[in-house]
1. Go through the stretch 318-352 and report how many residues are touching a strand residue (DSSP E or B) at 6+ places or on another chain (Cβ under 8 Å) and in a loop (DSSP other than H, G, I, E, B).
2. Does the stretch 225-240 include one or more residues that are away from the ligand (no atom under 16 Å from the Cβ) and at pLDDT 95 or above?
3. Being buried (at least 22 other Cβ atoms within 10 Å of the Cβ) and either within 11 Å of the ligand (Cβ to nearest atom) or of a type outside the set (Gly, Ala, Ser) (or both) is the filter here; which residues of the stretch 256-272 pass it?
4. Within the stretch 384-399, take every residue that is more than 11 Å from the ligand (Cβ to nearest atom) and of a type outside the set (A, V, I, L, M) and give me the one that is nearest to Leu93 (Cα to Cα).
5. Go through the stretch 22-60 and give me each residue that's touching a residue at least 60 places away in the same chain (Cβ under 8 Å), surrounded by 13 or more Cβ atoms within 10 Å (Cβ to Cβ) and assigned to a loop (DSSP other than H, G, I, E, B).
6. Assuming Leu222 fulfils every condition listed in (1) within 16 Å of the ligand (Cβ to nearest atom); (2) at pLDDT 95 or above; (3) closer than 25 Å to Arg72 by Cα apart from one, which condition is it?
7. Could you list, in sequence order, the residues of the stretch 358-367 that are within 21 Å of Ile320 (Cα to Cα) and surrounded by fewer than 20 Cβ atoms within 10 Å (Cβ to Cβ)?
Amino acid sequence: MVANTLTIRDNRTGREVEFPIESGTEGPSVVDIARFHKEFGLFTLDPGFRSTASCQSKITFIDGDAGILLYRGYPIEQLAEKSNFPEVCYLLLEGELPNQEQYTRFVRTVTNHTMLHEQILNFFKGYRRDAHPMAIMVGVVGALSAFYHDSLDVHNPRHREISAFRLISKIPTIAAASYKYSIGQPFVYPDNSKGYVENFLYMLFSVPCAKFTISPVLVRALEQILILHADHEQNASTSTVRLAGSSQANPFAAASAGISALWGPAHGGANEAVLAMLHEIGSVERVGEYLKRAKDPKDTFRLMGFGHRVYKNYDPRARILKQAAHEVLAELGRGDDPLFRLALELERIAQEDDYFVTRKLYPNVDFYSGIIQSAIGIPINMFTVIFAVARMVGWVSQWKEMIEYGEGIGRPRQLYVGPARRDYRPVAERL
Ligand code: ACO
């Protein structure tokens with residue numbers, strides 16, 4: 001037997017085949033089973049990808065047991081404390097932190113592409129005013145491919161670069177416009193004298209009739225939220241972007257698919273669900289009642305913002321945001337905010353409860369992010385949109401990596417359990 005292989009024996013035939021074990025820089029090794037079907041005539045079955053690595057990647061590493069998250073090797077805590085969102089975008093896209101000249105050029109390019117083609121603003125007006133901003137985002141981001149035809153050749157590195165800039169630069173403008181439209185206020189054009197995050201807040205909250213000001217503490221808190229959400233390896237939305245992009249669909253279409261996948265409450269929609277849950281619980285006295293429901297296997301209620309497919313320890317992003325929530329609420333003179341107190345108490349009680357302890361259910365990134373966003377003045381239905389703004393750079397980086405590796409189209413197989421072959425009968429002959 002060769003070291004670094006795994007031997008699989010088919011007990012029906014006694015045939016044994018060795019498969020190579022490949023090791024990465026960090027984390028568990030993988031068995032390369034690409035030849036598995038050829039060798040055994042069998043597929044592997046792993047719904048939900050619980051044991052399956054779908055690709056190789058150099059971008060993000062998570063150790064869910066230890067609660068570690070690295071972007072290109074850099075710990076998330078260091079980036080959240082010392083870096084800023086454009087620099088993190090550069091890191092994710094290019095693989096290294098920029099030097100001063102690279103940083104200046106990158107920021108200038110991102111800043112110069114914040115405006116939307118004017119026709120795109122007409123596009124928003126086709127939606128009902130009460131449309132969910134995520135519904136608008138799915139449509140408008142996909143529609144970018146109808147406006148920027150000049151950068152759609154996915155095999156051309158320059159086209160890929162231009163599309164990447166367009167998506168990262170324009171996503172805050174689209175997000176803000178979807179919000180402005182839903183509340184009946186005029187669209188606000190970007191102000192390129194402002195930084196990425198401040199400009200986003202400006203487009204969200206300013207109105208033509210009043211001077212816009214915002215506390216740097218709030219800008220920094222949103223910047224941290226964007227940094228912490230920028231990438232998270234092969235999560236559902238990123239895998240969706242890779243799969244859609246693997247057909248050589250253009251990056252705007254692939255990004256729109258990612259936004260759709262992000263929308264659900266088991267993924268990016270959870271921060272919206274956390275606030276709804278906190279409002280529903282209402283007071284510390286009712287925490288016990290809701291924890292009881294969360295533990296009841298017959299009840300579909302789950303503690304939103306708790307648990308994670310990968311983290312079986314405290315999500316490092318949640319720890320940073322818990323601290324940021326303290327800072328934002330103190331800045332606003334709301335240190336005793338009842339919702340925040342409720343969240344802290346919920347976490348405390350859950351962390352002492354055997355059900356949550358044994359299942360390793362800890363607060364995830366969504367648990368405190370909604371409280372911060374609410375305090376900033378961002379409405380609940382925009383939370384997932386903010387997540388999409390942050391994750392755009394992750395999607396784009398992963399899409400570029402997938403194309404550059406030349407992975408080919410992603411095409412999972414299945415275990416078919418439907419009816420066996422049968423013949424069509426005219427309706428009159430059917431029982
Ligand atoms: N509340 C109560 N029980 C839970 C929760 C929860 N939030 N999460 C998991 N459990 C329980 C399950 O019922 C299961 O119990 P059992 O072993 O008795 O059957 C056990 O913990 C394991 O749960 P799984 O569903 O196997 O965990 P999985 O990895 O599939 O799910 C998920 C992860 C979807 C995130 C889940 O924890 C959940 O639904 N959490 C709430 C929604 C949420 O916060 N999503 C945000 C995820 S982070 C992000 O997308 C940015």
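The values are calculated or read from the model by the stated rules, or taken from the named source; none is laboratory data. The structure displayed is predicted, hence computed values, not measured ones. Cβ coordinates were reconstructed from backbone atoms using ideal geometry, including for glycine residues, and neighbour counts include every protein chain displayed.
1. Taking the stretch 318-352 and keeping what is touching a strand residue (DSSP E or B) at 6+ places or on another chain (Cβ under 8 Å), we get 318, 322, 347, 350.
With in a loop (DSSP other than H, G, I, E, B) added as a condition, the list becomes none.
Number satisfying all stated conditions: 0.
2. Quick first cut of the stretch 225-240, residues away from the ligand (no atom under 16 Å from the Cβ) only: none.
Looking through the stretch 225-240, none of the residues is away from the ligand (no atom under 16 Å from the Cβ) and at pLDDT 95 or above.
3. Within the stretch 256-272, Ile259, Leu262, Gly268, Ala270, Asn271, Glu272 qualify.
4. We begin by selecting, within the stretch 384-399, every residue more than 11 Å from the ligand (Cβ to nearest atom); these are 385-386, 388-389, 392-399.
Imposing the further condition that a residue be of a type outside the set (A, V, I, L, M) reduces the set to 394-395, 397-399.
Working: Gly394: 8, Trp395: 10, Ser397: 5, Gln398: 8, Trp399: 10 Å.
Result: Ser397.
5. Phe43, Ala53, Ser54, Cys55, Ser57, Lys58, Ile59
6. (1)
7. Let us first name the residues in the stretch 358-367 that are within 21 Å of Ile320 (Cα to Cα), namely 360-367.
Across the stretch 358-367, the qualifying residue is only Lys360.
Yes or no, residue by residue, for (1) surrounded by fewer than 24 Cβ atoms within 10 Å (Cβ to Cβ); (2) over 27 Å from His229 (Cβ atoms); (3) in contact (Cβ under 8 Å) with a residue 60 or more places away in the chain:
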| residue | (1), (2), (3) |
| --- | --- |
| Ser369 | no, no, yes |
| Ser374 | yes, no, yes |
| Arg421 | yes, yes, no |
| Val427 | yes, yes, no |
